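Accompanying notes for the structure given below.
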Amino acid sequence: MSAGWFRRRFLPGGPLPAPRPPRPRSSPVPYRRPRFLRGSGSGPGTADAPRRPDVRPVRSPARGRALPWNAGYAEIINAEKSEFNEDQAACGQLCIRRCEFGAEEDQEWLTSCPEEFLTGHYWALFDGHGGPAAAILAANTLHSCLRRQLEAVVEGMVATQPPMHLSGHSICPSDPQFVEEKGIRAEDLVIGALESAFQECDEVIGRELEASGQVGGCTALVAVSLQGKLYVANAGDSRAILVRKDEVRPLSSEFTPETERQRIQQLAFVYPELLAGEFTRLEFPRRLKGDDLGQKVLFRDYHMRGWSYKCVEKSDLKYPLIHGQGRQARLLGTLAVSRGLGDHQLRVLDTNIQLKPFLLSVPQVTVLDVDQLELQEEDVVVMATDGLWDVLSNEQVARLVRSFLPGNREDPHRSQLCSHRSLERGAVTGLFQRTWYLSFGHTRTLERNHLPC
């Protein structure tokens with residue numbers, strides 16, 4: 001997907017083209033693995049699958065190919081679970097242009113110069129389901145959405161304090177005081193840009209998949225380095241951690257039907273028509289049976305963190321809104337995640353009940369102050385999809401990093417080798433896994449690597 005195509009279709013400045021009639025199973029963008037894997041021996045389609053079913057090759061960028069922050073990446077290729085790998089990854093440099101408010105056009109933004117004003121770096125993992133299309137679109141679109149959102153607020157980001165009016169006009173003399181009382185900082189503008197970019201990307205995916213007659217969705221885990229801080233945005237069940245010498249710090253939370261039970265139940269309470277009379281929003285320790293009618297059993301509703309008892313009624317025998325535990329928990333008996341991108345057309349099997357109203361595309365954003373923490377060369381951020389975390393704990397990954405990196409200080413590819421080694425450690429389970437390793441020892445020697453890469 002070219003930047004020109006994206007600008008013509010989605011950026012303000014002109015009407016959007018009329019919706020295209022659905023085409024039978026045509027892909028909105030060509031299937032391919034991430035560009036930085038070119039030369040590593042990976043190929044499209046079933047060529048990604050190993051010839052022997054008991055062998056799970058691990059693919060990494062070709063040796064000698066430098067990535068931002070000398071990052072390491074590895075993935076376990078398709079094991080013939082589907083025709084194509086459903087996951088994607090992206091990385092590169094974000095070039096943010098400076099914009100100024102036009103004096104002659106009060107309501108128009110004018111780009112003051114073609115050169116970038118701020119630069120940052122971006123890494124992302126997209127864990128797809130229901131087909132590869134959503135993850136491909138996210139890998140080719142999200143960074144453009146983010147760049148546009150950042151350019152819209154860059155003047156506020158570089159100000160000592162974000163101004164009330166970005167145009168520079170002061171309507172009320174106390175405006176700076178109101179901003180200060182709200183505690184609004186430059187990093188809040190970046191957080192808002194990330195949240196808006198995820199939302200915009202989700203809308204793009206929805207339009208493109210509908211136009212092409214495709215379905216599917218993906219989770220998204222993104223890290224952005226900007227102005228001395230690392231922003232980690234997560235929508236789904238992937239995970240990022242910071243590994244230091246004496247500390248393992250979580251940088252994200254997983255969003256599953258279990259972890260977001262109260263939000264999902266409350267939505268069903270406010271809009272009961274979303275369940276179409278087929279599901280109960282109440283949670284019980286197990287699926288109720290006919291013999292439970294009239295009995296007092298444990299339950300909880302959207303407003304409860306604890307449990308109580310209720311007398312079982314006939315409506316309680318319906319299939320639960322959230323069913324199962326741990327990795328087996330499903331939303332409406334269908335989906336194992338509660339946040340992500342896509343899934344606009346996803347419906348409960350043999351019904352017209354949509355899952356999209358219960359899914360959020362908005363990420364949770366964690367901010368890591370790189371300069372304040374005085375991070376060292378041995379400190380590493382690990383980003384991985386759920387395939388790794390299902391078999392290795394935070395502490396196990398941290399031990400692997402600590403045991404490998406110190407003994408390989410002179411190897412310029414040590415982050416790459418470490419990510420490769422961690423996936424080999426978890427590959428015995430036969431799960432899909434994608435991993436980024438971001439090293440803080442190389443933040444001053446960056447290759448100019450523009451997105452998408």
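Within segment 267-289, the only residue that satisfies the criterion of being farther than 18 Å from HIS303 by Cβ, in contact (Cβ under 8 Å) with a residue 12 or more places away in the chain and of a type in the set (Asp, Glu) is GLU278.
Within the option set VAL337, VAL367, being touching a helix residue (DSSP H, G or I) at 6+ places or on another chain (Cβ under 7 Å), open to solvent by less than 50 Å² (accessible area, probe 1.4 Å) and at pLDDT 95 or above holds for one residue only, VAL367.
Residues considered: ASP106, ASP127, ASP54. Of these, the only one that is open to solvent by 20 Å² or more (accessible area, probe 1.4 Å), charged (D, E, K, R) and at pLDDT 85 or above is ASP127. Only one entry of VAL348, VAL382 meets the criterion of being more than 19 Å from TRP69 (Cβ to Cβ) and either touching an Asp or Glu at 6+ places or on another chain (Cβ under 6 Å) or open to solvent by less than 30 Å² (accessible area, probe 1.4 Å) (or both), and that entry is VAL348. If only residues of segment 385-403 that are closer than 26 Å to GLU86 by Cβ and of a type in the set (S, T, N, Q) are counted, the one that is least open to solvent (accessible area, probe 1.4 Å) is THR385. When restricted to residues that are in contact with a helix residue (DSSP H, G or I) (Cβ under 9 Å, 6 or more places away or on another chain) and open to solvent by 10 Å² or more (accessible area, probe 1.4 Å), segment 228-246 contains 6.
Figure legend. Inter-residue proximity from segment 367-393: first residues in contact (Cβ under 8 Å) with a residue 12 or more places away in the chain and farther than 18 Å from GLN227 by Cα, second residues outside any helix (DSSP H, G or I) and acidic (Asp, Glu), beta-carbon distance below 6 Å, spacing 6+ or different chains. Indicated pairs: THR385/ASP127; ASP386/ASP237. Would you say LEU142 is part of a helix (DSSP H, G or I), of a type outside the set (Val, Ile, Thr) and more than 15 Å from the chain's Cα centre (by Cα)? No: the conditions fail for LEU142.
Consider ALA197 carefully, then state whether it is buried (at least 18 other Cβ atoms within 10 Å of the Cβ), within 15 Å of the chain's Cα centre (by Cα) and closer than 18 Å to LEU251 by Cα. Taking the combined requirement at face value, the residue does not satisfy it. Does SER225 satisfy the condition of being in a loop (DSSP other than H, G, I, E, B), small (Gly, Ala, Ser) and buried (at least 21 other Cβ atoms within 10 Å of the Cβ)? No, not satisfied. Of all residue pairs spaced 6 or more apart or on separate chains, those with beta-carbon atoms under 9 Å, a first member in segment 132-158 that is without any contact (Cβ under 8 Å) to a residue 40 or more places away in the chain and a second member that is open to solvent by 10 Å² or more (accessible area, probe 1.4 Å) and part of a helix (DSSP H, G or I) are GLY156/ALA186; GLY156/LEU189. Taking the listed residues GLU180, GLU203, the one that is acidic (Asp, Glu) and closer than 15 Å to VAL362 by Cβ is GLU203, with no other qualifying. GLN354 meets all of the listed conditions (1) free of Cβ contacts under 8 Å to residues at least 24 places away in the same chain; (2) open to solvent by 50 Å² or more (accessible area, probe 1.4 Å) but one, namely (1).
Only one of the numbered conditions (1) over 28 Å from VAL391 (Cα atoms); (2) among the polar types (S, T, N, Q); (3) under 21 Å from the mean Cα position of the chain (by Cα) is violated by THR366, and that is (1). The residues listed here are PHE279, PHE255, PHE299; of these, the one that is closer than 26 Å to ARG399 by Cα, modelled with pLDDT of 95 or more, buried (at least 17 other Cβ atoms within 10 Å of the Cβ) and not aliphatic (A, V, I, L, M) is PHE255. Evaluation of SER308 against the conditions (1) open to solvent by 30 Å² or more (accessible area, probe 1.4 Å); (2) at pLDDT 95 or above; (3) within 23 Å of PHE126 (Cα to Cα) shows that the sole unmet condition is (3).
The values are calculated or read from the model by the stated rules, or taken from the named source; none is laboratory data. Predicted model only: the values in this text are computed from it and were never measured. As a convention, Cβ positions derive from the backbone with ideal geometry for all residues, glycine included, and neighbour counts pool all protein chains shown. Ligands, DNA and RNA are excluded from the accessible area calculation, which covers all protein heavy atoms including side chains. Shrake-Rupley method; radii C 1.70, N 1.55, O 1.52, S 1.80 Å.
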